[in-house]
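Before any comments, here is the structure.
The values are calculated or read from the model by the stated rules, or taken from the named source; none is laboratory data. Here the structure is a predicted model, which is why all the values come from computation and not from measurement. Cβ placement follows ideal geometry from the backbone for every residue including glycine, while neighbour counts extend to all protein chains displayed. Only protein heavy atoms, including side chains, enter the accessible area calculation; ligands, DNA and RNA are left aside. Shrake-Rupley method; radii C 1.70, N 1.55, O 1.52, S 1.80 Å.
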Amino acid sequence: MDESDAYQFCPRCGGALERRLLKVGEPERPVCGRCGFVFYIDPKVAVGTIIRSPGGLVLVRRAIEPGYGKWVFPGGYVDRGEPLPDAAIREAREECGLDVRLDGLVNIYSYAGRAPVIVVYAATAVGGTLCVDDESLETGEFATAAIPWDELAFRSTAEGLRDYLSGLLHPLSRPGPLPSSPPR
Ligand SMILES: [Zn+2]
């Protein structure tokens, strides 16, 4: 379920990991039999960006597994310490060559037994030139009616596009001072 069976050795000391119940009601955790290190298998945070460009919505066709040959909006994993909006803008630039302005948060997606938590933004292309990177076969711009629903890479791709097209959009917080007396 959580991929913890994929790890056999402690990343800290190299000792053998064993599965132990540390707290009733929680899943068993991989624990090092030598140094006691608890290997928490955390979720992986990813961002995706639904970009409106003059030609339509921007999708890229994946050149890597999972989802080889299928379409997804630009996105990828967030680096540790990287703010989510920065990651979304970075991935858009890397994967399709566009500079984007984030317009809002569409939604956040997670699924039972799956590691990724996918944060999906809505954005507008404000510069750059549409291109293809080494992780995609091609880049396309799609009118709403032409979205290839049967050839989307992930469940979050379909649900993100569906929510975006239905108008779901949460405002992003703006940088600035906090109120002097926080609202209760
Ligand atoms: Zn250890």
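Values for this structure:
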quantity	calculated
For Ser136, residues with placed amide H under 5 Å, excluding near neighbours	Ala63
The chain - mean residue ellipticity at 222 nm from DSSP helices (-39,500 (n - 2.57) per run, n ≥ 4, rounded to 500)	-4000 deg cm²/dmol
Carbon and sulfur %, accessible surface of the chain computed with the full protein complex present, 1.4 Å	53 percent
Cα-based radius of gyration of the stretch 53-94 once divided by 2.2 N^0.38 Å, which approximates compact folds	1.30
Using a Förster distance of 45 Å, the FRET efficiency for Gln8-Ser180 (Cβ separation, nearest 0.05)	0.25
Accessible area per residue in Å² at 1.4 Å probe, computed on the stretch 78-184	62 Å²
Dipole in debye (nearest 20) - the chain, about Cα centre, beta carbon charges: Lys, Arg +1; Asp, Glu -1	720 debye
Cα-based equivalent ellipsoid, the stretch 58-184: semi-axes from gyration tensor eigenvalues, Å	27, 17, 15
Computed lengthening from Asp150 to Arg34, 0.36 nm per intervening residue step minus Cα-Cα distance	36.8 nm
Debye log10 I(q)/I(0) for the stretch 1-112, one point scatterer per Cα, at q = 0.14 Å⁻¹	-0.75
Stretchable slack from Ile41 to Leu169, in nm (0.36 nm times residue separation minus alpha-carbon distance)	43.0 nm
Over the stretch 32-121, relative contact order from alpha-carbon pairs under 8 Å, at least 6 apart, %	31 percent
Rounded to 5, percent antiparallel among DSSP beta bridges of the chain	75 percent
Approximate spin-label separation Ala115-Val132, in nm, with each point projected 7 Å along Cα-to-Cβ	2.8 nm
